[in-house]
Each structure stands twice: as structure tokens, then as C-alpha cells.
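The values are calculated or read from the model by the stated rules, or taken from the named source; none is laboratory data. Values in this document were obtained by computation on a predicted structure and should not be read as measured data. All Cβ positions, glycine included, derive from the backbone under ideal geometry; neighbour counts span all protein chains shown. Ligands, DNA and RNA are excluded from the accessible area calculation, which covers all protein heavy atoms including side chains. Shrake-Rupley method; radii C 1.70, N 1.55, O 1.52, S 1.80 Å.
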Amino acid sequence: MSRAKYLGKRLLMAIPVVWLGATMTWFIIFMGPIDPAARLLSEGQVRNPAAYQAAQTQLGLNQPPLQHYFDWLSSLLVFDLGQTWLLYQGSNVNALIMDFLPRTLWLGFWSVLIAIFVGVPLGFYAGMRSNTVADYVASMGGIVWRAMPNFWLGIMLLALLGSSEAIFGFAWETVGPDLLTGISGNPDLTQLGTVDGFLRATKKVLPAAIVLGSASMGNEMRIGRTAVLEVKNQDYVELAKVKGVSKRSLVYKHILRNALVPLVPIITSEAFLLIGGSVLVETVFGINGIGYLFYQAAIQGDLPLVGTLMYVFILMIVGINLIQDVLYTLIDPRVGLEGD
Amino acid sequence: MLNRETLQRASGDGRTLAWLGIGLLLFLLEAGAAATFTMEALIKIALAVPGVDSAGFLTGLESAARSIPTLLSREAIPNQGYYNGSGYQETFLGLAPAVAWAIRATLVYVYAFGIMGWVVAGYRLYRSTYRKADWTPRDDVLDRLRSHNWGLFGLVIVFMFVTMAVFAPALGPTTVDQNMRNSYGNDISYWDSESGSVETIVVGEANLGSASRGNNQNVGPWSYDDYGRFHPFGTMQNGRDLFTFLMVGSRISLVIGVLSVGLSATIAASLALTSAYYKGRVDLSMVLVSDAVMAMPQLLLLIMLTTVLGDTWINEIYSGGFLLALIFAFTGWTYMWRSLRGPALQVSEREWIDAARSFGQRPTTIMRKHMLPYITGYLLIYGSMTLGGAIISIAGLSYLGLGVAPPTPEWGRAVNLGQDYVRTGSWHISLIPGILITLVVTGFNALGDGIRDAIDPQSDSAGDETAGAGAGA
């Protein structure tokens with residue numbers, strides 16, 4: 001099977017996955033034990049039959065379920081996401097997502113980057129010096145770091161940074177770019193073009209990104225360590241050594257490059273953790289991202305919005321999976337050649 | 001089978017008798033607690049049946065069970081007493097409440113490790129005396145686990161956590177009923193140093209005076225409050241005892257965790273066996289379904305489902321814990337299924353499956369008898385890791401105010417309640433539960449690592465690592 005055919009097959013597989021996910025979401029939201037229309041109304045309005053009827057009509061719940069299902073699916077398909085009911089009442093959901101999504105992407109971007117640039121080198125370092133004290137300290141640290149709950153880590157980090165002047169002798173707010181609006185909260189993404197604006201927005205999400213990336217960082221470290229250990233004992237490394245390749249070239253060209261291969265799929269598959277974790281991290285750090293929006297919609301009872309956002313999340317995850325498949329075929333030529 | 005010779009050999013050296021005797025002694029020490037627990041559970045089950053309003057007969061039995069003396073109970077080693085000017089009253093041997101509590105807590109753990117040692121000794125006795133075979137493959141697995149320090153560390157942590165959950169009522173310096181649920185229905189005596197006399201106060205009132213709310217008013221770890229009550233982990237922002245809260249909270253975490261992992265392991269194993277046995281379209285459709293479930297991030301799915309199902313009758317059972325376990329199982333099986341599918345497919349290619357099939361055995365029998373035993377090891381590994389992840393997720397949900405319903409103690413809620421005081425003198429409210437979660441999750445992950453290395457020393461330890469991370473909570 002050629003690579004193109006393999007990728008085509010993966011693409012084809014993605015369609016039923018999105019459809020199944022969206023169908024499950026529709027079923028949970030609209031066929032579940034809660035009446036979405038009643039949930040949208042206040043106590044007094046529920047008893048008012050006219051208001052209830054109006055809400056039902058607007059949600060399309062007065063039609064037969066199958067009709068409603070197809071209507072809902074087709075409007076999602078063309079990204080006609082409707083308007084909100086409770087949260088930011090009456091605003092256009094597309095606009096709302098466009099407003100909230102960039103902050104989450106900014107946070108996710110940095111958390112992936114930090115995890116890679118801290119976790120992978122640490123793992124490689126531990127692997128190159130396996131069974132030394134440094135290895136044990138690094139491995140142990142990675143394991144404990146991974147086991148810490150994100151929300152708790154976030155609270156503790158905020159507390160540390162908030163009183164950094166008393167603990168470390170310098171104030172986090174004034175190191176580098178000034179954070180005039182507090183150490184947590186929304187990053188200002190409008191000034192990204194300027195150097196100062198970029199740094200400021202980065203510094204604002206940095207603590208949150210470290211916390212969100214903590215689980216991935218631990219994973220990448222562990223896998224990096226194992227990968228180096230495996231590559232180190234391969235025959236071609238031995239051969240290079242015998243040939244008299246310099247130590248530097250041996251490490252960078254023969255060991256580390258090959259050890260990177262198993263890491264790529266891990267990094268993309270961590271998107272699950274990042275998107276799921278964004279709810280808690282955004283809540284703790286007060287970032288108005290899409291995870292926070294989802295949580296607010298859920299607790300305030302705006303169930304149609306919950307369903308719509310879930311569809312967006314499904315699209316994001318399936319998209320990341322497809323990117324992973326593409327990367328996989330590029331890096332590892334064996335993929336797609338071994339049959340299914 | 002026991003034959004006459006081994007029986008004689010065993011009874012001859014008296015080890016078996018000694019082992020049985022110690023077992024009986026250990027049981028008698030806690031017989032009252034075991035009986036009470038059984039009766040309480042029976043009553044709860046009986047009352048859960050619709051239409052049953054009272055269980056008079058069972059309640060009678062329960063009070064009878066309560067009267068059996070128990071070594072590790074609050075009654076045998078009381079720590080709640082008061083100072084009367086010259087010495088402590090109503091505490092164990094007149095000791096200070098802190099010392100009395102420490103003795104009881106230590107005894108609980110000594111007892112628990114005693115039970116563990118007894119089980120290990122029993123297994124060794126069985127292996128050396130009663131078992132016909134000198135060696136079985138399982139011996140190697142256990143021996144490898146015994147020399148795996150990291151795995152043993154995990155085992156000890158997990159065991160201590162389970163002990164905490166089992167003995168939760170005896171471990172706390174006070175009880176949930178007296179300190180939290182019914183604090184205005186109980187009163188305590190204390191030594192009022194101003195008037196120089198013993199006074200009585202309602203617990204709820206005392207709690208108001210012992211709250212930890214920052215620098216001005218704080219009862220930190222390992223200290224007494226103004227009413228002579230000892231708080232090993234300090235008090236919470238509402239003056240309740242944090243240690244008691246956490247001990248009882250460990251119970252619900254463990255129960256939900258075990259229930260959900262057990263359920264999702266069952267689902268995952270049966271689906272993995274089915275897809276491995278039938279392959280082809282059955283396998284493909286299961287891949288699609290699990291991909292679709294996985295495309296919804298688990299934590300978000302949990303939030304959505306707890307909201308939607310929040311008003312149903314299932315949510316009434318065990319403070320919402322049962323519903324949480326069900327949701328966990330039905331959203332989490334995919335991760336385990338993915339890990340099990342590979343090994344199951346490998347087993348399904350072996351000759352004995354073909355042989356069994358041509359022999360005319362039914363597919364369900366083949367799956368159960370000839371395939372399942374080969375994937376149970378993987379079930380243990382991923383089960384242990386998923387349990388750690390489940391504990392983080394449950395805590396994360398209750399931090400958000402979802403999941404376990406509020407009056408019931410849960411670790412994540414303690415983190416939430418103390419959040420505003422982290423930068424003040426009352427830092428302990430948030431810090432301690434987080435450290436406990438980290439420790440327990442590390443323990444479960446370490447145990448999983450240990451089991452993996454014990455079952456398959458060649459295995460690639462870089463496999464599926466996301467299980468322990470709790471869906472990003």
C-alpha cells in the first residue's frame with residue numbers, strides 16, 4: 001500500500017469518527033434526561049407555557065427527533081453554529097469561538113513547546129547517563145511531576161509567583177516585561193506583532209503553559225530516556241564508535257537523531273491531555289479560553305452551546321490525529337508498507 | 001490436593017497451626033468492626049431497594065455488632081478528652097490528645113502491615129508445604145516483583161492508601177458525624193484558661209472559633225485549637241478537621257476508582273477479545289467507536305455527562321459516586337481497549353486457538369479459557385495506572401464543583417476550599433491534599449511499572465503512558 005493510499009484511508013476513517021462523536025453528543029444533550037429548553041429558562045419562565053414553547057421552537061425541539069437530528073448535524077457541517085442562550089446571551093457562537101479559541105491555542109502552543117524543550121533534553125540527558133545519580137534525580141522528578149494534579153500545581157505556582165518577592169528575592173511581575181494587569185488572566189493577543197507585546201503575552205501564559213504541559217513533559221522525558229537507551233545499544237552505534245567517529249558526532253548524529261523518531265507520535269497524541277486539561281488550567285489561571293467557555297456553558301445549563309463546543313473539540317482532535325498520521329508517514333517510511 | 005503425607009508434614013512442624021492461630025487473633029481484634037461494617041452495608045443495600053423504608057431486623061443486628069469490643073476503635077483508644085486543670089480526662093491512659101491519637105493511628109498501621117505479613121507468610125507456607133509443584137511460572141513473576149524496589153515502593157504506598165480508606169473512621173481525630181454533618185448536635189468539654197474551669201460548647205460553635213482563615217486566625221498542622229482539640233493537619237477554612245476530612249475522602253476516591261477501573265477493564269477486555277477473535281469488520285467497527293469516544297476529551301465528556309445526568313436518581317447513590325464511576329467506565333474503556341487489543345490480536349494468532357476452534361469449542365469459551373489468561377497481566381498494569389488517573393480526575397471534577405456532591409468529603413474540594421488562603425498562614429488546606437494525591441498517584445504508577453516489569457521483563461516501558469495522567473486533570 002502506498003503512502004498516499006494509506007493517508008487517504010485514514011482520511012476516510014476520520015469521517016465516520018466525527019459523525020459518531022457528533023451523534024453521541026446529540027444524543028446525550030437532546031435525548032438525555034434533561035430538557036435543554038427548560039434548562040435555558042429561569043424559574044419563573046419555566047412555568048410560563050408561552051416562553052417554554054418559544055424556547056422549544058427556537059431550539060427546534062418541537063420537530064420529530066430525527067428531523068431535529070438532521071437539522072442539527074447539517075448546521076454543524078456548514079459551521080452555522082447559531083447563537084448562545086445563557087452565556088453572553090444572544091451572541092453568535094462562531095464569533096464567540098473565534099474570540100475564545102486564540103487564547104487556548106496560544107496556551108496550547110506554549111505548553112507543547114515547553115514540554116518538548118524541557119522534557120526531551122532532560123530525558124536524553126538521563127538516558128545518556130543512565131543509572132547515575134543525575135539519571136535517578138531526573139527520572140524521579142519526571143515521575144512525581146507527572147503525578148501532580150494540574151489544578152493543584154497551578155494554584156501552588158500562582159501562590160509562589162504571587163509572593164515571589166518574599167521567597168526568591170525578586171518580583172515575577174517586574175522580571176522582564178512588566179505585567180501590569182496581574183500575574184494571571186487573559187494574555188493580550190492584539191499586540192503580538194511587536195516585540196514587547198509578544199513577550200508580554202508569552203509571560204502571561206507561561207505559568208499556565210508549564211502546568212498544562214506538565215503531564216506531557218513527564219511522558220516525553222520518560223520516552224526520550226528509553227529511546228536513547230535503546231538506540232545506544234544498537235549495532236550501528238557500535239560500528240560508528242569502532243570507525244572512530246568523534247564523540248560529539250556520535251551523540252548528535254547517530255544517537256539523538258534516531259531517538260527522536262518514537263517521540264513524534266507521542267507529542268501529537270498528547271493533544272488529548274492538552275485539550276482536556278485546558279478546562280482546569282484555564283479556570284485556575286482565569287484565562288477566557290474555549291475550555292473555560294465549555295465549563296461555564298455546562299454549569300450554567302447552556303446545553304446547546306455545550307454540544308456545539310464538543311463538536312469543535314472533536315474536529316480539533318481528529319484533525320490533530322490526521323496531522324500525526326502525516327508526520328508518521330514522513331518520518332517512518334515503514335508505515336503503510338506493512339499492510340494495515 | 002492435600003494428601004496424607006503433606007498434612008502430616010505440616011501439622012508436624014506446627015507452622016500451619018501457628019499461622020492459623022495468628023490469623024484468628026488478628027481477626028478477633030477487629031471482629032466487631034468487620035461485623036458492624038457488614039451490617040451497615042446490608043442496611044444500605046436494603047434501604048436502596050425501592051419501597052423498603054426501614055430495616056428493623058438488620059438495625060438490631062447492627063447495634064449488636066457495635067457492642068463487640070474492637071481494639072482499633074475510637075472507644076478503645078479515645079483521643080477526644082479535655083484538660084481539667086491537673087490532667088487529661090477521658091483520653092487513653094490520661095495521655096495528651098495528640099499522643100493518644102498518634103498511638104491509635106500507629107496501631108492501625110501496625111495492624112494493617114501485620115495482616116499483610118500474615119498473608120505473605122501464608123502464601124509462602126502454602127508454596128513450601130502444600131503445593132505439589134516446586135515451581136510455577138507465577139513464582140518467577142512474584143520473585144521479580146519482590147526484587148523490584150520501585151514497584152515495592154508503589155505497593156507500600158497503595159497499601160497504605162487502602163488502609164487509610166478502610167480504617168478511615170478510626171484514623172481521624174474526630175468523626176465526620178460529630179465534626180461536620182451534625183456539628184450542632186454534639187457538644188464537647190474544654191478547659192477555659194480564662195475562667196479556669198471546664199466548660200461545654202457545641203461543636204459547631206467551636207468550629208467557628210477554630211477556623212483557618214489566613215494570618216489572623218489559623219490552626220496549622222500538628223496543633224491544638226482553643227478548645228483543646230488536636231488537629232494533625234490543621235483545620236479547614238470552616239474550622240473542621242482537615243485530617244478527618246481527608247481520611248474519609250480517601251474512601252470515596254478509592255471506591256469510585258476501583259469500581260470504574262473494574263468496570264472499564266471488563267468492558268475493555270471483552271471488547272478486545274471479541275475484536276481479536278472475529279477481526280475484520282467487527283474489529284473495524286470497534287476501532288471506529290473507540291476513536292469516536294476518544295475524540296471527545298475525557299474530562300470534557302465527564303463534565304458534560306455529570307451535568308446532563310446530575311438530576312437523575314442514579315446521582316443519589318453514594319453521593320453521586322456511583323454515577324461518576326459509571327461515567328468513568330464508559331468514557332475510559334477506550335484507552336485500556338487500545339492497549340489490550342494488540343496483545344489480544346497476538347494471542348488470537350496462536351495455534352491453540354485454531355485447535356480449539358476445530359475442536360468445536362464455542363467462541364465465548366475460547367475467548368474466556370484460551371485468550372483471556374494471556375491478557376490479564378496487561379489488565380493489571382493498565383488497571384493500576386488508570387486508577388491513579390481516575391483519582392486525579394475525580395479530584396479535578398470536585399475541584400470544579402462537579403461529581404461528588406458537596407457535604408461528602410473529597411480531596412479535590414479541600415484544594416478548592418483552601419485556594420484563597422494559599423498565600424497566607426493557612427496554606428495547609430490546599431497543600432496537603434495535593435501532596436497526598438501526588439503521592440497516591442505516584443504509588444499507583446509505580447505499582448503498574450513493577451507489575452509490568454514482573455510480568456514481562458523484556459517489555460518496552462515506553463508504551464502507553466497517558467493512562468496515568470488522568471485525562472489532563
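A few notes on this one:
- Full extension of the chain between B:Thr376 and B:Asp192 gives 60.1 nm of extra length, using 0.36 nm per residue less the Cα-Cα distance.
- Convex hull volume per residue for region B:91-232, taking Cα atoms only, in Å³: 164
- Rounded to the nearest 20 debye, dipole of region B:243-469 from Cβ charges on Lys, Arg, Asp, Glu: 420
- Of every Cα-Cα pair in region A:30-132, the percent that sits beyond 19 Å: 65
- Per residue of A:139-149, other chain Cβ atoms within 10 Å of the residue Cβ number 6 on average.
- Cβ-placed point charges (K, R +1; D, E -1), dipole of region A:206-246 about Cα centre in debye, nearest 20: 100
- For A:Lys5, a cut-off of 18 angstrom between C-alpha atoms picks up these aspartates and glutamates, skipping any fewer than 8 places away in its own chain: A:Asp325, A:Asp332, A:Glu338, A:Asp340.
- Projecting the Cα atoms of A:Phe285, B:Leu284, B:Leu24 onto the charge dipole of the protein assembly as shown, computed from C-beta unit charges around the Cα centre, puts B:Leu284 farthest toward the positive end.
- Positive dipole terminus of region A:93-300, leading residue within A:Gly162, A:Val205, A:Met148 (C-beta point charges): A:Met148
- Buried solvent-accessible surface, both chains (B, A), 1.4 Å probe, Å² to nearest 100: 4800
- Accessible surface area normalised per residue over region B:176-240 is 50 Å², counting heavy atoms of protein chains with a 1.4 Å rolling probe.
- Each residue of region A:14-25 is assigned a 3J(HN,Hα), and the resulting list reads 5, 4, x, 5, 4, 4, 4, x, 5, 5, 4, 4 Hz, derived from the Karplus form 6.51 cos²θ - 1.76 cosθ + 1.60 (θ = phi - 60°), x at Gly and Pro.
- Positive-end ranking of A:Tyr136, A:Leu309, A:Gln63 along the dipole of chain A, with charges on Cβ about the Cα centre, is headed by A:Tyr136.
- Rolling a 1.4 Å probe over the heavy atoms of the protein chains gives region B:243-469 an accessible area of 36 Å² per residue.
- Counting only Cβ charges, +1 for Lys and Arg and -1 for Asp and Glu, the dipole size of chain A around its Cα centre is about 1260 debye.
- Span per principal axis, largest first, for the Cα atoms of region B:176-240 (Å): 29, 27, 18
- Averaged per residue, region B:61-128 has 53 square angstrom of accessible surface, using a 1.4 angstrom probe with ligands and nucleic acids left out.
- Carbon/sulfur fraction of accessible area - region A:93-300, other protein chains in place, 1.4 Å, %: 66
- Degrees separating the helix B:15-29 axis from the principal Cα axis of chain B, which is the longest one: 40
- Residue ranges B:93-101, A:208-216, B:411-419 sort as A:208-216, B:411-419, B:93-101 when ordered by packing (mean number of other C-beta atoms within 10 Å per residue, highest first).
- In chain B, the longest principal axis of the Cα atoms and the axis of helix B:298-308 are about 60 degrees apart.
- Region A:291-313-region B:83-111 distance, computed between alpha-carbon centres (Å): 52
- Reduced Cα scattering model of region B:223-281, Debye log10 I(q)/I(0), q = 0.30 Å⁻¹: -1.09
- For q = 0.08, 0.11 Å⁻¹, Debye-computed log10 I/I(0) when each Cα of region B:243-469 counts as one equal scatterer: -0.34, -0.61
- The residues neighbouring B:Ala268, those whose beta-carbon lies less than 10 Å from its own, together hold a net charge of +2 under the Lys/Arg +1, Asp/Glu -1 convention.
- For region B:111-155, Kirkwood radius (reciprocal of mean inverse C-alpha pair distance, Å): 11.8
- Pairwise centroid distance, computed over Cα atoms, of region B:221-239 with region B:113-166, Å: 38
- Alpha-carbon Rg/Rh ratio, for chain B, with Rh computed the Kirkwood way: 1.02
- Estimated [θ] at 222 nm from DSSP helical runs (n ≥ 4, -39500 (n - 2.57)) normalised by residues in the protein assembly as shown, nearest 500: -21000 deg cm²/dmol
- Residues of type aspartates and glutamates that B:Lys369 reaches as a straight line, Cα spacing below 16 Å, ignoring anything fewer than 8 places off in the same chain: B:Glu349, B:Glu351, B:Asp354
- Charged neighbours of B:Tyr421, selected by a Cβ distance under 15 Å, balance to +3 (K, R count +1; D, E count -1).
- With the largest listed first and rounded to whole Å, the semi-axes of the equivalent ellipsoid of chain A from the Cα gyration tensor are 44, 29, 16.
- The value for region A:59-106 of Rg(Cα) / (2.2 N^0.38 Å) is 1.37.
- Summed side-chain charge close to A:Asn62 - residues other than A:Asn62 whose Cβ falls under 14 Å, Lys, Arg +1, Asp, Glu -1: -2
- Within the accessible area of region B:363-435 (1.4 Å probe), percent carbon and sulfur: 63
- Theoretical FRET efficiency, 1/(1+(r/R0)^6), r = Cβ-Cβ of A:Val242 and A:Ser130, R0 22 Å, to 0.05: 0.55
- Descending by average beta-carbon neighbour count within 10 Å, the peptides B:85-91, A:142-148 line up as A:142-148, B:85-91, the highest first.
- Reported value for the protein assembly as shown: 245 Å³ per residue, from the convex hull of its C-alpha atoms.
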